[in-house]
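Here's the structure we're looking at; comments come further down.
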Amino acid sequence: RYIINHDEAVIVTDHQVHGDSYEEDYLTDVLKRRALQFLDTAEEKRNATGQPFFMWIGTPAAHANFAPAPQYEYTAYGEKAPRTPTWNKIGTDRHQTVRELQPMTATQIEQSDSAYSRRLGTLRSVDEMIGAIYEHLETTGEANNTYFIYTADHGFHLGQLGMGFDKRQLYDTDIRVPYFIRGPGIPKGMVRHDPISHVDLAPTVIDIATGEVPQNWDGQSYLPLLSGNQQATWRQDALIQYFGEGITETCGSGNNTYHSVNEEVVSWFSGKYIPAPCDGANNTYTCVRRVTPDLKVDDIMCAFTCFLHPGGTQVPCPQDQPEGYGEYYDMTVDFWQTTNTARDLPDQKRKDLSERLEELRNCKGQDGCS
């Protein structure tokens, strides 16, 4: 059960408090209905004032507990998580949290695959929501006057390095996200290879709406990149940071199925997944992720922060372990990040990357973070 916050206050009414009925309570569908209602109101305001609207939708899909709508429960039934080169391989050359793992058991593999297939099922409802929103805007004549930005808050590993499911590591499975944009002046089918970060999203939206970005914001507007102008310049790296919990932690998920009760389809709790390892000691890192438009540079270097104990004093990381000498992957030759080559970095390259990492870590504002 859940309660939806409305206008920063919890409104406790019959339609705000939700339970286990699919028709009334499946959250992605609830958000779809609310989005369409918002667009009706926004259209009235736009006709009256000429002002644009802004709508942000954050669906629960494909987050745990990986519960598809009943009609999509078996959309990808039997599909297995991709068996990448690092799938269920223990990374002995990685930082402590990862190298101390054990391979997944047969049951854990089965549950990781289940999470993968059920996540795909949840996205069918997201597809329906996006389609309904687009059709609404097309009907009102606003579709071609509206920017659509589609992305996610993080990636997701499913079995890589023995980790059944989660999102807190420095590898591309976890840090890369889908990023699709449609809108006025954007060439159809254009693909760019630029290291966009989520801190750049708000500046871009504000730039679209007002033509300027607050000077004290660190993120940059990528609006100039959207025109297809190949002369538009952009930085060639991005900062990646994660501040670990400091303790060995596992992340679980419930598992729901559907039953018919008095001719109503309801969701029932049917058990839990075995919790998967997701965090651990000295899992705090800062990385510089580099990409050039021609993909001749495509790499990542990460440095770690170590602590005496969770929440305790910061201490030097042991120099004979990856926490001390870092992790480095060159995806032009090792796309799946199978081997940590940080120890093989030439001194000058290590120095340059370390200095750039610190610049990105400490930059401030439009001028400092460009």
- Task: Would you kindly find the accessible area of MET331, with a 1.4 Å probe and non-protein molecules such as ligands, DNA and RNA excluded, rounding to the nearest 10 Å²?
- Result: 10
- Sorted by chain and number, the residues with a modelled amide H under 5 Å from that of GLN160, at a separation of 5 or more or across chains, are ASN88
- Message: Accessible area of segment 239-370 with a 1.4 Å probe: how many percent of it is carbon plus sulfur?
- Response: 52
- Task: Excluding residues on the same chain fewer than 8 positions from LYS364, give the lysines whose Cα lies under 25 Å from its Cα.
- Result: LYS349, LYS351
- Pairs LYS32/LYS272; LYS89/LYS296; LYS167/LYS272: which are spaced more than 23 Å apart, C-alpha to C-alpha? LYS32/LYS272; LYS89/LYS296
- Item | Longest segment of the chain lacking chymotrypsin sites (Phe, Trp or Tyr not before Pro) that sit in a DSSP loop with at most 12 other Cβ atoms within 10 Å | 78-242
- Item | Solvent accessible area, Å² - ILE247, 1.4 Å probe, full protein context | 80
- Ratio for segment 74-233, C-alpha Rg to 2.2 N^0.38 Å, reads 1.31
- Hey, any idea what Rg/Rh is for segment 290-361, computing Rh the Kirkwood way over Cα pairs? 1.02
- Item | Largest-first ordering by accessible area, 1.4 Å probe, given options ARG99, ARG343, ARG94 | ARG343, ARG99, ARG94
- Item | Long-range HN-HN contacts of ASN256 with modeled amide H, under 5 Å | SER270
- Query: Taking the Cβ of ASP344 as the center, what net charge do the other residues with Cβ under 13 Å away carry, scoring Lys and Arg +1 and Asp and Glu -1?
  - Reply: -3
- Message: Using all alpha carbons of segment 39-132, what is the percent of pairwise distances in each 10 Å bin, ordered from the shortest bin to the longest?
- Response: 14, 28, 24, 18, 10, 7, 0
- Note on the structure: Taking every alpha carbon pair in segment 203-246 and sorting the distances into 5 angstrom bins from 0 up to the bin holding the longest one, the percent per bin comes out as 5, 18, 20, 21, 16, 9, 6, 4, 2
- Query: If you project the alpha carbons of the chain onto the principal axes, what extent comes out on each, in Å, largest first?
  - Reply: 62, 52, 39
- Item | Per-bin percent of Cα-Cα distances, segment 159-316 [5 Å] | 2, 7, 12, 14, 13, 12, 11, 10, 10, 6, 3, 1, 0
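The values are calculated or read from the model by the stated rules, or taken from the named source; none is laboratory data. These numbers come from a predicted model, not from an experiment. Because the Cβ atoms are built from the backbone with ideal geometry, glycine has one as well, and the counts that use them run over all protein chains shown. We work out accessible area using only protein heavy atoms, side chains counted, and drop any ligands, DNA or RNA first. Shrake-Rupley method; radii C 1.70, N 1.55, O 1.52, S 1.80 Å.
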